[in-house]
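The values are calculated or read from the model by the stated rules, or taken from the named source; none is laboratory data. Since we're looking at a predicted model, the values are computed, not measured. No Cβ is skipped: glycine too gets one built from the backbone with ideal geometry, and neighbour counts run over all protein chains shown. The accessibility values were calculated without ligands, DNA or RNA, using every heavy atom of the protein model including side chains. Shrake-Rupley method; radii C 1.70, N 1.55, O 1.52, S 1.80 Å.
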Amino acid sequence: MNRRNILMMTAALFTALNACIEVNDSIDNSSKPVIDKMTAVPASVIISDTSVITVQARDLNGERLSYVWSKPDGGDWVGNVTGSSVTWKAPSSLSGGVSSKNFRINARVQNENKKYALDTVMVTVNSTQNPVVTILSPLNGAFIPLSEGTVRIHAQSSFTDTYSMKCYINGVPKDSSATYVYEKNWNIAAETEGTKQIQIVATRPGGYIGTASVTISLEGTIGKRK
C-alpha cells in the first residue's frame, strides 16, 4: 500500500471517528430529564403556613428519576423531601418589616446517567391574612395626556385566592375583576384634565380586605408655542 493510500485511509478514519463523537455528544445532551411542570399549591400563604410543591418530569429513555430540593430563601421542609412532591413551611416572620416576600423553591431532577434538569417556583409569603395590593400601572405621580385615549390599570393581590379586585376613580366605582389580577384599560377620552386617584380594593375568603391607590394627573392637549 503506497503512502498516498495510507494517508487517505487515515483521513477517512479520523472523519468517521469525529462523526461518532458528535453523535454521542448529541445523544448525551438530549438524554437529560424533561420537566413539564412545576407548581406550588397554594402559591400564596401566610407566615407559618404550608405549600405543596410538585414537579412533573419524565425521562426520554425511561430511566428512573431522583429529586433534590433546595430552599435558598429559607423556610422549612415538612416530611419527606426525596420524591416528586414536597411540603414547604413558610417562616414564622418576615425580616425587614415587609408585608410580603417571595421565596424560591428549587428542584433538581436527575436520571440514572447523572443527567439533570432544573426548575424553580415562587411562593409568596404574607405577614397578614389581608391581601397586599400592588398597583403596577400607572405609576404614582404619572402625567398622562388625554390624547392617549386610554390608561392601562394593572394591579395584583398577594393572595391568589382573591376573588374580587374593585377599581375606583376618585371614589367612584369603575369596574372589577373576579381574580387576584386586575388589568383593564380606562377610557379617558371623555375625562376632564386634573388630578385623579385610582384605588384598587381586593377581597379574599374570610372577608379579608386590602387596598392600594395611586394619584395621577390627566393633562389636556398643549399647543405649540409661537
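Points to keep in mind about this one:
- Proximal lysines relative to Lys114, as straight alpha-carbon distance under 18 Å, when same-chain residues fewer than 8 apart are discounted: Lys32
- Rolling a 1.4 Å probe over the protein heavy atoms gives the stretch 110-190 an accessible area of 53 Å² per residue.
- Those aspartates and glutamates that a straight Cα-Cα span of less than 13 Å connects to Lys101, excepting residues fewer than 8 apart in one chain: Asp73
- Net charge over other residues, Cβ less than 11 angstrom from the Cβ of Met122 (K, R count +1; D, E count -1): +1
- Rounded if a/c under 1.5, otherwise prolate or oblate - the stretch 31-174, Cα gyration tensor axes: prolate
- For the stretch 37-45, 3J(HN,Hα) computed residue by residue from phi via the Karplus equation (6.51, -1.76, 1.60; θ = phi - 60°) reads 6, 9, 9, 10, 10, x, 7, 10, 9 Hz, glycine and proline entered as x.
- J(HN,Hα) series, the stretch 168-185, from Karplus relation 6.51 cos²θ - 1.76 cosθ + 1.60, nearest Hz, glycine and proline x: 10, 10, 6, x, 9, x, 9, 7, 8, 10, 9, 10, 7, 10, 10, 8, 9, 9
- Of all accessible heavy-atom area on the stretch 88-226, the percent that carbon and sulfur account for (1.4 Å): 47 percent
- Couplings 3J(HN,Hα) of the stretch 130-147, computed from phi: 6, x, 9, 9, 10, 8, 8, 7, x, 7, 4, x, 5, 9, 10, x, 4, 5 Hz, in residue order, whole Hz [Karplus 6.51 cos²θ - 1.76 cosθ + 1.60, θ = phi - 60°; x for Gly and Pro].
- For Leu136, solvent-accessible area (1.4 Å; no DNA, RNA or ligand), Å²: 80 Å²
- For the residue pairs Lys71/Lys166; Lys89/Lys184; Lys89/Lys166; Lys37/Lys166; Lys174/Lys196; Lys89/Lys115, the C-alpha atoms sit more than 23 angstrom apart in Lys71/Lys166; Lys89/Lys184; Lys89/Lys166; Lys37/Lys166; Lys89/Lys115.
- With K and R counted +1 and D and E -1, the other residues having a Cβ less than 15 Å from that of Thr87 yield a net charge of 0.
- Considering only beta bridges that DSSP places wholly inside the stretch 97-226, some 95 percent are antiparallel.
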